[in-house]
1. Is one or more of the residues making up region 9-26 over 14 Å from the mean Cα position of the chain (by Cα), assigned to a helix (DSSP H, G or I) and acidic (Asp, Glu)?
2. Restricting the search to region 51-83, which residues are among the aliphatic types (A, V, I, L, M) and over 12 Å from residue 93 (Cβ atoms)?
3. Under the condition of being assigned to a strand (DSSP E or B) and of a type in the set (Ser, Thr, Tyr), which residue from region 100-127 is surrounded by the most Cβ atoms within 10 Å (Cβ to Cβ)?
4. Which one of the conditions (1) among the charged types (D, E, K, R); (2) under 17 Å from residue 121 (Cα atoms); (3) surrounded by fewer than 18 Cβ atoms within 10 Å (Cβ to Cβ); (4) in contact (Cβ under 8 Å) with a residue 24 or more places away in the chain does residue 29 fail to meet, given that it meets all the rest?
5. Tell me whether region 81-99 contains one or more residues that are closer than 21 Å to residue 20 by Cβ and either of a type in the set (A, V, I, L, M) or touching a helix residue (DSSP H, G or I) at 6+ places or on another chain (Cβ under 9 Å) (or both).
6. If residue 40 satisfies all but one of (1) crowded, with 16+ Cβ neighbours inside 10 Å; (2) over 20 Å from residue 106 (Cα atoms); (3) more than 13 Å from the chain's Cα centre (by Cα); (4) not charged (D, E, K, R), what's the number of the condition it fails?
7. Of all residues in region 44-99 being hydroxyl-bearing (Ser, Thr, Tyr) and not in a helix (DSSP H, G or I), which is surrounded by the fewest Cβ atoms within 10 Å (Cβ to Cβ)?
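Read the figures in this text as sums done on the coordinates, not as results from a lab. Fair warning: this is a prediction, and the values are worked out from it, not measured in the lab. Reconstructed Cβ throughout: ideal geometry from the backbone, glycine too, with neighbour counts over all protein chains shown.
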Amino acid sequence: MIVGSGIDLVEIARIQHSMDRYGDRFLDRVYTAAEKAYCLRKRHAAESFAARFAAKEAGAKALGTGISQGVNWLEIEVVRESGGRPGLQFHGRAAERAERMGVRNAALSLTHTGTLAMASVVLEDGR
């Protein structure tokens, strides 16, 4: 059964601007080391970073917390699951919230164009 869902849309130029202006200070505040390593290997890194930013926002919405209300950026991580599909891992307070909700599966879908990145998250309790 679905216990939470969230969606987010991000302008890639906004993420590129933050990368250009703040560099590692921005990246280290928002992305885990594994996320940074993955995105920096990509030809269009800003697109990958923007998709992950959207995933973190969508994940926080699905948890019902939002980023600024108890869950921080690094507590929601985009990972590569078997077969290469993206998945979510929750850490810290995000993991505690997911456990209280009974979350057993976090389905993540990512997409991006030249200008926008979007993520959708559906949380299920396994029933």
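1. The answer is yes, given that some residue of region 9-26 is over 14 Å from the mean Cα position of the chain (by Cα), assigned to a helix (DSSP H, G or I) and acidic (Asp, Glu).
2. Residues of region 51-83 that are among the aliphatic types (A, V, I, L, M), as a first pass: 51, 54-55, 58, 60, 62-63, 67, 71, 74, 76, 78-79.
Of everything in region 51-83, those that are among the aliphatic types (A, V, I, L, M) and over 12 Å from residue 93 (Cβ atoms) turn out to be 51, 54, 55, 58, 62, 78, 79.
3. The first filter runs over region 100-127 and keeps only residues assigned to a strand (DSSP E or B), leaving 105-112, 116-124.
Those left that are additionally of a type in the set (Ser, Thr, Tyr): 109, 111, 120.
Working: 109: 14, 111: 11, 120: 18.
Looking at residues that are assigned to a strand (DSSP E or B) and of a type in the set (Ser, Thr, Tyr), I get 120.
4. Evaluating residue 29 over (1) among the charged types (D, E, K, R); (2) under 17 Å from residue 121 (Cα atoms); (3) surrounded by fewer than 18 Cβ atoms within 10 Å (Cβ to Cβ); (4) in contact (Cβ under 8 Å) with a residue 24 or more places away in the chain leaves (2) as the failure.
5. First pass over region 81-99, keeping only residues closer than 21 Å to residue 20 by Cβ: none.
No, because not a single residue in region 81-99 is closer than 21 Å to residue 20 by Cβ and either of a type in the set (A, V, I, L, M) or touching a helix residue (DSSP H, G or I) at 6+ places or on another chain (Cβ under 9 Å) (or both).
6. (1)
7. The initial filter retains those residues of region 44-99 that are hydroxyl-bearing (Ser, Thr, Tyr), namely 48, 65, 68, 82.
Add one more test, that the residue is not in a helix (DSSP H, G or I), and what stays is 65, 68.
Details: 65: 18, 68: 8.
Top of the filtered list is 68.
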